[in-house]
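Chemist: This is the structure, below, for whatever I ask next.
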Amino acid sequence: MLGVSPATLRRWADAGRVRSFTTPGGHRRFARRTLERFLPAARGHRPPVAVMGVTPERVTSVYRRSNRVASQRLPWVVALPDADRDAFRELGRGVAVHLLGYLDAETPEGREDQLREAKVHAA
């Protein structure tokens with residue numbers, strides 16, 4: 001996020017430049033808002049995820065490949081009729097479309113709309 005190594009961030013915390021807290025397990029944590037204060041005020045706009053090559057089709061393809069072997073071990077998935085499997089696939093694509101839309105939304109309202117639609121498909 002800041003473009004510095006974890007060691008640099010630890011040194012900054014030790015020097016008091018950035019606030020952190022320690023978990024019961026001894027891990028150092030930083031509040032996102034605290035770190036955002038270190039970012040330049042006039043940040044450039046992040047390019048849309050599609051410009052980076054991320055499309056709903058690509059996300060679903062990667063998901064399908066990663067779950068192909070796992071789904072074969074789940075009897076209920078193997079037993080699904082093709083029509084049901086296709087319906088689930090379309091709902092999954094809808095989730096991917098809206099989650100990518102969430103990432104590209106320009107406003108908080110736009111993000112909320114995309115997240116709400118993704119939840120509809122997921123439900």
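Chemist: Pull up the stretch 25-36, narrow it to residues that are assigned to a loop (DSSP other than H, G, I, E, B) and touching a residue at least 12 places away in the same chain (Cβ under 8 Å), then point me to the one that is surrounded by the fewest Cβ atoms within 10 Å (Cβ to Cβ).
Modeler: Only one residue fits best here, namely 31.
Chemist: What number of residues within the stretch 103-117 are open to solvent by less than 80 Å² (accessible area, probe 1.4 Å) and under 15 Å from the mean Cα position of the chain (by Cα)?
Modeler: 5
Chemist: Let me ask something else about it. Any idea which of (1) of a type in the set (Val, Ile, Thr); (2) closer than 23 Å to residue 2 by Cβ; (3) modelled with pLDDT of 85 or more is the one residue 95 doesn't satisfy?
Modeler: For residue 95, the failing item is (2).
Chemist: When you scan the stretch 5-24, how many residues do you find that are surrounded by 10 or more Cβ atoms within 10 Å (Cβ to Cβ) and among the small types (Gly, Ala, Ser)?
Modeler: Total meeting the criteria: 2.
Chemist: Restricting attention to the stretch 83-92, report how many residues are open to solvent by less than 80 Å² (accessible area, probe 1.4 Å) and closer than 25 Å to residue 49 by Cβ.
Modeler: 2
Chemist: For the stretch 83-122, name all the residues that are aliphatic (A, V, I, L, M) and assigned to a loop (DSSP other than H, G, I, E, B).
Modeler: Residue satisfying the conditions is 105 alone.
Chemist: State all residues of the stretch 49-77 that are surrounded by 13 or more Cβ atoms within 10 Å (Cβ to Cβ) and not in a helix (DSSP H, G or I); if no residue qualifies, say none.
Modeler: Selection gives 54, 55.
Chemist: With the structure loaded, tell me whether residue 46 is under 23 Å from residue 99 (Cβ atoms) and at pLDDT 75 or above or whether it fails that test.
Modeler: Here the answer is no, as residue 46 does not meet what is asked.
Chemist: Do the conditions hold for residue 80, that is, is it in a helix (DSSP H, G or I) and open to solvent by less than 80 Å² (accessible area, probe 1.4 Å)?
Modeler: no
Chemist: So, residue 34, is that one polar (S, T, N, Q), closer than 30 Å to residue 17 by Cα and at pLDDT 75 or above or not?
Modeler: yes
Chemist: Limited to the stretch 58-85, what total is found for residues that are modelled with pLDDT under 80 and more than 23 Å from the chain's Cα centre (by Cα)?
Modeler: 6
The values are calculated or read from the model by the stated rules, or taken from the named source; none is laboratory data. Since the structure is predicted, the reported quantities are computational estimates derived from the model, not experimental observations. Cβ atoms come from the backbone with ideal geometry, glycine included; neighbour counts cover every protein chain shown. Heads up: the accessible areas ignore ligands, DNA and RNA and are worked out on the full protein's heavy atoms, side chains in. Shrake-Rupley method; radii C 1.70, N 1.55, O 1.52, S 1.80 Å.
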